[in-house]
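The values are calculated or read from the model by the stated rules, or taken from the named source; none is laboratory data. Here the structure is a predicted model, which is why all the values come from computation and not from measurement. All Cβ positions, even for glycine, are placed from backbone atoms using ideal geometry, and neighbour counts span all protein chains on display. Note: accessible area is taken over every heavy atom of the protein model, side chains too, but ligands, DNA and RNA are not part of it. Shrake-Rupley method; radii C 1.70, N 1.55, O 1.52, S 1.80 Å.
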Amino acid sequence: MRGMPQSLEQLFALDGLIQDDEREIAKAVRHFVDERVRPHIAEWFDTGEVPARELTKELGELGVLGMHLDGYGCAGLSATTYGLACQELEAGDSGIRSLVSVQGSLAMYSIHAYGSEEQKQEWLPRMAAGDAIGCFGLTEPDFGSNPGGMRTRAKKDGEDWVLNGTKMWITNGTVADVAVVWAQTDEKVRGFVVPTDTPGFSAPEIKRKMSLRASVTAELVLEDVRLPASAVLPEVQGLRGPLGALSEARFGIIFGAMGAARDCLETAISYAQDRQVFDKSLASYQLTQAKLADMALELGKGQLLALHLGRLKDSGTITPEQVSVGKLNNTREAIAIARQCRTILAANGITLEYPVIRHANNLESVLTYEGTSEVHQLVIGKALTGAEAFR
Amino acid sequence: MNIVVCVKYVPDAQGDRTFNEDNTTDRANVDGLLSELDEYAVEAALKIVEAGEGEVTVVTVGPEQAADALKKALQMGADKAVHVSDEAIHGSDAVATSLVLAEAVKKIGSPDLVLTGLSSTDGTMSVVPAMLAERLGLPQVTQVSTLEVADGTVKGRRDGDAVSESLEASLPALVSVTDQINEPRYPSFKGIMAAKKKPVETWSLADLGVDAGQVGLDAAWTKVESFAQRPPREQGEIVTDEGDGGTKLAEFLAAQKFV
Ligand SMILES: Cc1cc2nc3c(=O)[nH]c(=O)nc-3n(C[C@H](O)[C@H](O)[C@H](O)COP(=O)(O)OP(=O)(O)OC[C@H]3O[C@@H](n4cnc5c(N)ncnc54)[C@H](O)[C@@H]3O)c2cc1C
Ligand SMILES: Cc1cc2nc3c(=O)[nH]c(=O)nc-3n(C[C@H](O)[C@H](O)[C@H](O)COP(=O)(O)OP(=O)(O)OC[C@H]3O[C@@H](n4cnc5c(N)ncnc54)[C@H](O)[C@@H]3O)c2cc1C
């Protein structure tokens, strides 16, 4: 028996949970991805070269950059809308979503939340328009999950600050006009707004990645980088600063990961319908259907969770533990879906002709950055037991 | 410079085309959108106004859902919209559509320029622009791939198979544009949010002083008697070359009147 197939969206009736504005914005992002990302993404991934500056400009024109922030040329939209935009971007590629996360939720958010009026005026309108690119330097070669151990130092010299140290795995590093760099001072960790043309600043690109290849990743080297007193982010001290920004970006990933998973599952379903094995379509075998059904459940549940967390964030009540719940579940399920979809596409699944292995490989990074799965397990574990198991 | 752009709401060509019991196109129960060819007219209007000053008003004649076409045009940047909607319009032909549009354009005010697409993507007759120009008593510059407005005139180039014509008319005028004229913008978030606050007026035939008897299915000059799905394509003829392949090919082409 053949019936009219339903879409994944219909299966969970997700559309009814989304408001008109949110749908319009998501549609605009989907259109952008169809026009500007999909036709080129395999090549960008293959060559490891992405026209980041051009894309940033176009994303700025669309209105995506810092879209959930208010004022300074930002669109001032809700967190849920931002999430839905991330979902569409990551359905294209996690690397493109990363560019947007780092620009909007890490670099712009830090300046918006912790910056001086002067810093905001100088950077935010240009960053929202896509005329300036930002990066966010927290991780170091020896300190990832435990950024509190960082070795990058900022020392007072008269009125100036002098920064020394190395940051590692910094998205947008080589193309950035401005870096938000976190450094240890004699007292607490402070954030610095560093124009990347400051003498002593360099950003060698990290090559030979097998994941997030359509995204620029760099090392930041700071050698006696001298900054005026006005370069420090005045409104925050301690790790609370970078962790607050990370929580913002993590939120986008909760939606984003489901975008990558959705793209894989849609690809796998249509592939299975077309592919003939042993004289009938791959989609008509029970084993295939069991896989598809299980994946659809995880996708739908993950999307429901994302929307729920979006509403919580918009109501101002979301907690960091809840963000961890979303990040852990949705990245973990997304990579499982991507890998399972790869089995349905079999040999075709390992090529860049289809998006599946690209998403699966990208999701390895997404699983790791913004807090590894293990770190989020520890956050949730602590929330449940009250016992801290980090050290 | 005040510009009115006529935009049509058409069934999404990706979906299945369905018909009503009275043999009219089902426009109400299918996914529809702003006719893609009309996006070029909207873009052309926006470019002119952005380079100078004035206002872009978009107008559609169509069912309730046609508001979607207006919304898209407003998101792109049009300033206001007029929706002519009336049960009696159902089944109207091009003659009636142009009558309703003409009255709507008059009520909007006397624009300097009326812009339309090359043709709708569903009816595809390309006659509404000419009919509308006649009714409004405006010079018509149709099917142009360039458009220049200066010193009270409008100039455009109409590209034919063999020749390109340069056309010029005094303003006010009606111009229909092709898909070669520009690259229509896609709405930005700002455009999407701003569109929600832009004025949309809905007018009935009575508002326009049009008698219901002049429009609709019964007033149409032509009537659709019946319709049928196009039969699936037949498999092509395969000629095995036994030395006479060339001759057979030539015979086939001659039979199809290609040579
Ligand atoms: C493509 C990419 C882009 C990135 N972009 C940025 C960026 O823009 N800015 C930035 O600052 N950083 C960025 N990062 C860095 C990222 O945030 C870190 O890689 C991440 O925090 C993990 O740090 P690590 O790699 O040093 O792993 P480690 O901290 O060395 O962890 C190694 C393993 O140990 C586990 N582990 C750690 N602590 C514990 C514990 N207490 N108990 C049990 N297990 C534990 C981890 O989960 C992991 O499995 C990026 C990374 C990648 C891959
Ligand atoms: C024999 C025949 C029978 C038909 N029967 C039916 C029928 O039963 N049911 C039915 O729904 N349709 C029917 N139509 C189609 C209907 O007549 C046309 O949709 C309508 O008259 C407009 O013509 P068009 O779509 O070809 O526009 P075109 O002349 O191709 O359009 C050119 C431009 O005019 C403007 N324009 C056209 N229509 C509108 C509009 N409504 N609002 C605003 N701007 C507009 C747009 O700018 C467009 O780009 C029939 C057409 C024919 C020829």
- Note on the structure: To the nearest 20 debye, the protein assembly as shown has a Cα-centred charge dipole, built from +1 on Lys and Arg Cβ and -1 on Asp and Glu Cβ, of 2200
- Query: Put simply, what bits of region B:170-202 lose 20 Å² or more of accessible area when the other protein chains are there, versus the chain on its own (1.4 Å probe)?
  - Reply: B:TYR186, B:SER188, B:PHE189, B:LYS190, B:ILE192, B:MET193, B:LYS196
- Note on the structure: Violations at 25 Å Cα threshold for listed pairs B:LYS107/B:LYS198; A:LYS120/B:LYS72; B:LYS80/B:LYS190; B:LYS80/B:LYS107; B:LYS8/B:LYS107; A:LYS57/A:LYS313 -> A:LYS120/B:LYS72; A:LYS57/A:LYS313
- Query: Tally Lys and Arg at +1 and Asp and Glu at -1 over the other residues with C-beta under 15 Å from the C-beta of B:ALA130: what net charge comes out?
  - Reply: 0
- chain B: most fluctuating residue of B:ARG233, B:ARG158, B:ARG27 per GNM, C-alpha cutoff 10 Å: B:ARG233
- Item | Residues along region A:46-91 losing 30 Å² or more of accessible surface when the other protein chains are present rather than the chain by itself (probe 1.4 Å) | A:LEU62, A:LEU77
- Query: For the protein assembly as shown, what does -39500 (n - 2.57) per DSSP helix run (n ≥ 4), summed and divided by total residues, give at 222 nm, in deg cm²/dmol to the nearest 500?
  - Reply: -13000 deg cm²/dmol
- Largest first, how would A:GLU333, B:GLU134 line up by accessible area (1.4 Å probe)? B:GLU134, A:GLU333
- Message: Using only the heavy atoms of the protein chains and a 1.4 Å probe, how would A:LYS155, B:LYS248, B:LYS190, B:LYS72 rank by accessible area, largest first?
- Response: B:LYS190, A:LYS155, B:LYS248, B:LYS72
- Query: Nearest 20 debye, what's the magnitude of the dipole of region A:240-332 about its Cα centre given +1 on Lys and Arg Cβ and -1 on Asp and Glu Cβ?
  - Reply: 240
- How big is the accessible area of B:VAL239 in square angstrom, nearest 10, if you roll a 1.4 angstrom probe over the protein chains? 70
- Query: In terms of the Cα gyration tensor, with a ≥ b ≥ c the square roots of its eigenvalues, is region B:63-110 rounded because a/c is under 1.5, prolate because a/b exceeds b/c, or oblate?
  - Reply: oblate
- Query: Want the number for A:GLN377 to A:ARG311: 0.36 nm per residue separation, take away the alpha-carbon distance, what's left?
  - Reply: 21.5 nm
- Note on the structure: Result for region B:2-214: accessible area per residue, probe 1.4 angstrom, in square angstrom, of 46
- Message: Tell me whether region B:2-214 comes out rounded, prolate or oblate; compute the Cα gyration tensor, take square roots of the eigenvalues as a ≥ b ≥ c, and use a/c under 1.5 as the rounded threshold.
- Response: rounded
- Task: Calculate I(q)/I(0) for region A:100-247 by the Debye formula, one identical point scatterer on each C-alpha and no solvent, and give its log10 at q = 0.09, 0.13 Å⁻¹ to two decimals.
- Result: -0.23, -0.50
- Quote the FRET efficiency, to the nearest 0.05, computed for B:ASP241 versus A:GLU353 with a Förster distance R0 of 51 Å and r equal to the Cβ-Cβ distance. 0.90
- Message: Just to confirm a number: summing +1 for Lys and Arg and -1 for Asp and Glu over residues other than A:GLY302 whose beta-carbon lies under 10 angstrom from that of A:GLY302, what do you get?
- Response: +1
- Message: What aspartates and glutamates does A:LYS155 reach when the alpha-carbon gap must be under 15 Å and sequence neighbours fewer than 8 apart in one chain are set aside?
- Response: A:ASP186, A:GLU187, A:GLU223, A:ASP224
- With A:ALA389 itself left out, Lys, Arg at +1 and Asp, Glu at -1 over residues whose Cβ is under 15 Å from its Cβ give -1
- Message: Nothing charged except the Cβ atoms of Lys and Arg (+1) and of Asp and Glu (-1): what's the magnitude of the dipole of region B:2-214 about its Cα centre? Round to the nearest 20 debye.
- Response: 620
- Item | Whole-Å distance, taken between Cα centres, linking region B:58-90 and region A:1-60 | 27
- Cα centroids of region A:274-325 and region A:102-117: how far apart, whole angstrom? 32
- Note on the structure: Between chains B and A, total accessible area buried, probe 1.4 Å, no ligands or nucleic acids, nearest 100 Å², roughly 1000
- Most positive-pole-ward Cα, B:THR57, B:ALA212, B:ALA169, against dipole of region B:2-214 from beta carbon charges: B:THR57
- Task: Post the alpha-carbon centroid distance, region B:157-182 to region A:170-229, in whole angstrom.
- Result: 54
- Message: Once you order the gyration tensor axes a ≥ b ≥ c over the Cα atoms, which shape class does chain A get: rounded for a/c under 1.5, otherwise prolate or oblate by comparing a/b with b/c?
- Response: prolate
- Message: What does DSSP give for the protein assembly as shown in terms of the percent of beta bridges that are antiparallel, rounded to the nearest 5?
- Response: 60
- Quick tally, 1.4 Å probe accessible area for A:LEU292, A:LEU89, sorted with the most first, runs A:LEU292, A:LEU89
- Message: I'd like the carbon and sulfur percentage of the solvent accessible area for the protein assembly as shown, probe radius 1.4 Å, heavy atoms only, ligands and nucleic acids excluded.
- Response: 50
